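The values are calculated or read from the model by the stated rules, or taken from the named source; none is laboratory data. Everything numeric in this text was worked out from a predicted model, so none of it was measured. All Cβ positions, even for glycine, are placed from backbone atoms using ideal geometry, and neighbour counts span all protein chains on display.
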Amino acid sequence: MIFGGFRHFRTRDVRRRPLASRHQGRYIAAMTPDIGGMFDFIFGITIIGVLVSLIVPIAIIVLVVWAIRRSMPHPDPAEQALRERLARGEIDMAEYQVRLRALRGGED
């Protein structure tokens, strides 16, 4: 492999063919470099760059959303049931306050 991504020069194929068939096919000149490896390298780097530029912002957004959701307090199911009973009118405000204090570890 020669530096710069050139694999080799295609001189053997052209020299062995008759003159009429030299210009048919892929290589026209005797010293045409094969730059397929260089193209693959540039294409690979481009794909990696695009993927990283998409994945990094998405990962940051997911991390921020996860951190915000984790820091939010989760409602206690018992307190939620007590609020629902108050909303349905099964208990009055005084009884709600007493039971809420009892749920939170206060007196009564």
Only unsatisfied item for residue 99, checking (1) within 37 Å of the chain's Cα centre (by Cα); (2) touching a residue at least 12 places away in the same chain (Cβ under 8 Å), is (1)
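In region 74-90, which residue that is in a helix (DSSP H, G or I), among the small types (Gly, Ala, Ser) and out of contact with any Leu (no Cβ under 9 Å at 6 or more places or on another chain) is farthest from residue 100 (Cα to Cα)?
Taking the candidates together, the pick is 87.
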Picked from region 51-91 (must be surrounded by 10 or more Cβ atoms within 10 Å (Cβ to Cβ) and among the charged types (D, E, K, R)), the residue modelled with the lowest pLDDT is 76
